[in-house]
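One structure is given below, encoded as structure tokens.
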Amino acid sequence: EGEGSLGLESTAVFERAGVKSGVVGLASVTSAQTAMEGRFDGVTFEPYEAALARAVPEVAKTADVVIVLAHECPTELAALVSQHETWPIAAVLGAHCREPLDTKAGKTLLVSPGKHFESYARVELKVDRSKAPGQRVLAADATLVKVPGDGPAHPELAAAVDHWQKKLDAALGEPVGFTKKGLAKDSPELARWVTGALRESTGADIAILNKKGIRAGLPAGPVTRSSIYSVLPFDNSVLLVSLTGEQLAKELANEEAIYAGVAKTGSGFTVAGKPLDPKKTYTVATVEYLYFGGAGFHFEDADKTPRETGMVWQTPVIDWTRKQATSEKKPLEGAVPRG
């Protein structure tokens, strides 16, 4: 909420088989920090207790059942729900749990099907509409159903997957390089490949990205556009930002930072073999997510008018990799920038 409100409804009521289900959407209190903080100017995120204390009684006025959909593992809300037994919440359904979850806090179900669509949750509620509001849920149970990964596929679903896989292969299956051993997800080589390609393609002095932005390793064999999108799955726009050496040193100290064009020494950082000059202005290539405050960076505070390149971050990596003309005899790992 606030002057920059996103205009999203916090509650909704759905009627099925004569039963009115009220749904309360609960955003994570860390949304601004884990997304693009600059995009949330003027928007405030209420603490969970304040948000639920406002929304639950309101939706309960017209609903037979109240369900909370949380962008949070329900266990994080267990103590809060237990403290407010008067809230008529039948179930809290959420994600971001390490393992599938099926438990209760008092009479309230806490359910999460787990990750990677490996299972789904079926919630069954027994409702008596003749009861007073807030007392109509007589029983609540959940069942976690594991999705078989190796069973026979549904024919129509399999056909749809095949159709889109062919379209994907046609669009992204083009080989642009070759790696003999592959590049492991958390390896320095993978970080240098991505940041080095970004720096060289943009002509920036330095490129800075974040560790968690790299979501997969590069498997051995042909490097395709598709495999690069697996490494960098988000549509982050590339920006060029001007920072003084003093400002740059603060960004480089971020534990999430991976970079190219700069080296860390015992006494600080060097750029092109020279000590980082606190008063000199450097051009830094980064991405929109980090510019607007993602992962704890502060580029927007340092430069209010970044230069837009018109590229998403996969583009310079694809273009740079293609230019190296790598092959089985000349694999990518030998061409990865050294710093």
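The values are calculated or read from the model by the stated rules, or taken from the named source; none is laboratory data. Values in this document were obtained by computation on a predicted structure and should not be read as measured data. Backbone-built Cβ (ideal geometry, glycine too); neighbour counts: all protein chains shown. Just so you know, the surface numbers come from the protein's heavy atoms only, side chains and all, with ligands and any DNA or RNA stripped out. Shrake-Rupley method; radii C 1.70, N 1.55, O 1.52, S 1.80 Å.
Descriptive notes on the structure:
- Contour minus Cα-Cα distance for E308 and A253 (0.36 nm per residue): 17.3 nm
- Computed over every Cα-Cα pair of the stretch 162-235 and binned at 5 Å starting from 0, the pair-distance distribution P(r) comes out as 3, 15, 23, 25, 19, 10, 4, 1, 0 percent.
- Heavy-atom SASA rank of D186, D41, D102 (probe 1.4 Å, accessible area, largest first): D186, D41, D102
- Peptides ranked, highest mean first, by Cβ atoms within 10 Å: ranges 263-269, 117-123: 117-123, 263-269
- Probe 1.4 Å, accessible area per residue of the chain, Å²: 56 Å²
- Relative to the 2.2 N^0.38 Å rule of thumb, the stretch 193-296 has a C-alpha radius of gyration ratio of 1.10.
- Cross-link pairs beyond the 23 Å C-alpha cut-off, checked among K180/K274; K20/K126; K61/K107: K180/K274
- Applying both filters, DSSP loop and at most 13 other Cβ atoms within 10 Å, to the trypsin sites (Lys or Arg not before Pro) of the stretch 11-73 gives K61.
- Counting only residues at least eight positions apart within a chain, or on another chain, the lysines with an alpha carbon under 29 Å from that of K279 are K211, K250, K264, K304.
- Dipole moment magnitude, nearest 20 debye, the stretch 216-304 about Cα centre, only Lys, Arg, Asp, Glu C-beta charged: 340 debye
- Alpha carbon convex hull of the stretch 293-336, projected area averaged over orientations, nm²: 4.7 nm²
- Calculated translational diffusion coefficient of the stretch 55-123 (10 °C, 1.306 mPa s; Stokes-Einstein with Kirkwood radius over alpha-carbon pairs) equals 129 µm²/s.
- Just the protein heavy atoms count here, and of the accessible area of the chain at 1.4 Å, carbon and sulfur take up 52 percent.
- Stretch gain in nm, segment Y120-S327, where the contour uses 0.36 nm per residue and the Cα spacing is subtracted: 70.2 nm
- Using the Cβ-Cβ distance between W164 and S82 with R0 set to 51 Å, the FRET efficiency from 1/(1 + (r/R0)^6) comes to roughly 0.70.
- For the pair A12 and A216, label points projected 7 Å from Cα toward Cβ lie 3.0 nm apart.
- Just checking the listed ones, G42, G213, G182: in the Gaussian network model of the chain with Cα springs under 10 Å, the one fluctuating most is G42.
- Label-to-label distance, nm, for residues given as T44 and R129 (7 Å Cα→Cβ offset): 3.9 nm
- Mean shadow area of the chain, taken as a quarter of the surface of its Cα convex hull (nm²): 22.2 nm²
- Model label sites at T103 and V19, defined 7 Å from Cα along the beta-carbon direction, differ in position by 2.5 nm.
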